[in-house]
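First the structure, in the form of C-alpha cells, and then the observations on it.
The values are calculated or read from the model by the stated rules, or taken from the named source; none is laboratory data. These figures come from a predicted structure and were not determined experimentally. Note that we place each Cβ from the backbone using ideal geometry, even for glycine, and neighbour counts take in every protein chain shown. Please note that ligands, DNA and RNA were not included when accessible areas were found on the heavy atoms of the full protein model with its side chains. Shrake-Rupley method; radii C 1.70, N 1.55, O 1.52, S 1.80 Å.
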Amino acid sequence: MHSDFTFAANEYMTDPNAKMMLPYRGSVTTPVMQTFSPELTPPASDSSPSDSSSVSRRDSDPVKPTAIHMQTVFSSQTGEAHPSQQHSAQVWETHKAEIRRLYLDENRPLKEVMAIMRQKGFRATVRMYKSRFDKWGFSKNNSKKDVIAMLQVQRQRNAVGKRTAFHRNGKEVAIDAYLKRKGISQYDLVEPGLNDDLPENLRCLTPPPESPKILHAPGNLSLQELVLQCARDLAWNWYCPPDTPLVACAAHYRGDELRCAITDITNADWLFSVGQYERGGAMCEAGFQSLHLMFQKPSIYGLVHLLITVLDASNKGIVKEIWRYLAAYSATVRVDGPLARLFQGVWKFLSTHEYEEYWDFIFECTEKLLVIDETHSGLPADTMARLTPIIFIPRAYQYKTQPYRRLQSRCDFGRMVQGPMPTAIEELVVFQATELLILGNQTMWQGDRVFELANTVLENTKGIAYNTDFFVYIALTSLSHYHRNQFLLNDDPAAKTTHHQLSVNYLETIVSVMEGQWDPDMGYLLGELERLEHWYRDAGDLEQADAAHIRWQNALTAIPKDFVRGKKGILH
C-alpha cells in the first residue's frame, strides 16, 4: 500500500523536498512522502517538550489526503475518468449506440467495454457506467422485480389461452433458469396489486406454436395437474380487486355472461329430462352461443361452475357436447395455454373411456380443488372461500344428491367472513343470505340457527332498494325445508299438520313469484313447484297435488320456444 502511494507521489512531484499547499491547511514544511502515507509517523525526537526548536505536535501529525487527491491517484493508475469530469447526458447519448453494441449485442464484460471506450477517448468510472445503464435500461440479468412483472403478464395471457415468451435486448429471457438458480417456484414470487407493466427493456411476444404432440390427451395425473394450473392462472387473474369482500365476488358473478350461458345449459338439461325437447333445445343453443366466453372472459368462477354443472347433469349428450365444443373451439381459433390443453385433454379422455370413469375423474379433480391448501399450491389466499357460493347455486333438480352434498360439505363459511362483518344493511344481507344457503344445505335445514337466520334475512331485505328476490328465495326455501323436517320428525298429529301447512305455505309464496312468466335465472323455481306437488301428495292432499301438477305444466308452457336471453343486472 505504502509503495503504491510512494510511486504515485513520485509521478506527481519530482522534487521530494518541495512544499505542498493542502486545501485545509496553511503552508507547512511537511515531506510529501508523509502526506501521502497516512500510517507513517514522524521519528521520535530526543528534544524535550520545552525545546523551542522542536516541531509542534500539529505540524508533526501526518496529513491525510483528501478524497480528491486519492481519486486523482487511483484514476491515474486505472485510466478512469476523474469525478470532476462528469459527462453530460448529451455526451452519453452520443456514445449510447456504441456502448449498447459492445455491452448488450456482443455481450462483452463491462471492463472490456470501458477499455475500448477509453481507446476512443471516452473515460468514465464503473459507477458512472452502471448509473447510466440503469437510466437506459441496459441489463443482462433478471431482477426479482422484472421476474415478478413477467410472471404476472404470463399468468394473464395464460388465462386467455395465449402462450408467452419474453425478450430482452433481442434475446429470450430464461425465467426458469432464474427460478432454478434461486431454488423457488413461480408462485413464490406472486405479489398481488403490483403494477404488471413490463420494464422498457423487456418485450412480450407470442412464440411460434409448439409441436402438436403436446396437445394430445395426457394421463389422469397430468390432467389433474392441468386443472390445478388453470385454477392458479385464473385465480391470480383477479375477477374482482383483491380487497373485495369474498361474498361480494360471488354476487358479482351472478351478472357474468359466462354464468348466464352455463345456467342456460343447466336449464336445458332439466327441460330435456321432463320431455320439453323443443324448449330445451332453444335454451341449449342459447347457452352454447356464449360458451366461448370460457376463453374470452375466463375466470376461476366460470371454471368451477362448469365442473359442478357437468357433474350433476342428467343428459350425457349435453356433457359430451360441452367438452367437444370447448376442445374444438380452442383448436379452431388456435387458442393455446393450459385452459385449452385441459379442455382438449378432457374431451380425449371422455372419448376413450367409459362415462362412469370420466365422471369419477372429474369429481375427484373438483373435490381435490375444493380442499386444496392455497399456501402450498400457489393459489391466492382465500381462493376456495371465494368459490364457496358457486357450489350452492340452486338448480331446478339435483340428480346426484349424495356426491353433490359431499362437495358442499367441504365448504367452510367461516373462511368467508374472516374479519369484521359489514355494518351497512345492504352488504350485511349478502353475507347473511350466503351463510343461510350454505348452512341450510349442510345441515339439511335443521337447527335453530337456520330458523333465526332465515327470518333475519327476510326482515333485512324489506328496506333495500336493489333486487333482493334471490335472497328472499333463499330465506323462504330455508323456512319451508325447516318446517318440512319438523313435519317428518314429529309424532304429534297436530304438530305435523301445523308444520306441513307452514312448509307448503312458504313454497306457495316462492312459486307465486314466477307463475305466468319465465325468468331463465329463476328456472329453479319450476323445481320448487314440482316439489310442492310431491309434498302435497306425501301429506295425502291429492287434490292440492293434482292442482300443483297442472300449475307446473302451465309454467312449462310459459317458457318461450324461441328463447333469447336478455341482459341482467349484477344481482339478478
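If the condition is being of a type in the set (A, V, I, L, M, F, W, C) and at pLDDT 80 or above, then region 126-150 contributes V126, M128, F133, W136. Just one residue in the set A558, A548 is of a type in the set (G, A, S), modelled with pLDDT of 90 or more and under 28 Å from N467 (Cβ atoms); that residue is A548. Working only within region 259-295, note down all residues that are more than 14 Å from P520 (Cβ to Cβ) and either out of contact with any Asp or Glu (no Cβ under 6 Å at 6 or more places or on another chain) or modelled with pLDDT under 90 (or both). Of everything in region 259-295, those that are more than 14 Å from P520 (Cβ to Cβ) and either out of contact with any Asp or Glu (no Cβ under 6 Å at 6 or more places or on another chain) or modelled with pLDDT under 90 (or both) turn out to be F272, S273, V274, G275, Y277, E278, G281, F288, L291, H292, M294, F295. The residues in region 333-384 that are modelled with pLDDT of 85 or more and either over 24 Å from the mean Cα position of the chain (by Cα) or among the aliphatic types (A, V, I, L, M) (or both) can be counted, and the count is 20.
The residue of region 561-572 that is modelled with the highest pLDDT, among those that are basic (K, R) and open to solvent by 90 Å² or more (accessible area, probe 1.4 Å), is K561.
Scanning region 273-311 for residues that are of a type in the set (S, T, Y) and surrounded by 17 or more Cβ atoms within 10 Å (Cβ to Cβ) turns up S290, S299, Y301, T309. Residues in region 435-468 that are outside any loop (DSSP other than H, G, I, E, B) and over 18 Å from H481 (Cα atoms): E459, N460, T461, K462, G463. Of note, R123 satisfies the criterion of being outside any helix (DSSP H, G or I) and at pLDDT 70 or above.
Here the condition is being of a type outside the set (S, T, N, Q) and either in contact with a strand residue (DSSP E or B) (Cβ under 8 Å, 6 or more places away or on another chain) or not in a helix (DSSP H, G or I) (or both); of W518, W552, it holds for W518 alone. Right, Q408: modelled with pLDDT under 80, surrounded by 15 or more Cβ atoms within 10 Å (Cβ to Cβ) and assigned to a helix (DSSP H, G or I) or not? For Q408, the condition - modelled with pLDDT under 80, surrounded by 15 or more Cβ atoms within 10 Å (Cβ to Cβ) and assigned to a helix (DSSP H, G or I) - is met. Scanning region 105-118 finds one or more residues that are in contact (Cβ under 8 Å) with a residue 40 or more places away in the chain, open to solvent by 70 Å² or more (accessible area, probe 1.4 Å) and either out of contact with any strand residue (DSSP E or B) (no Cβ under 6 Å at 6 or more places or on another chain) or in a helix (DSSP H, G or I) (or both). For region 516-550, the tally of residues that are of a type outside the set (S, T, N, Q) and open to solvent by 70 Å² or more (accessible area, probe 1.4 Å) stands at 9. Taken over region 476-515, the criterion of being open to solvent by less than 50 Å² (accessible area, probe 1.4 Å) and not in a helix (DSSP H, G or I) is satisfied by N490, M514.
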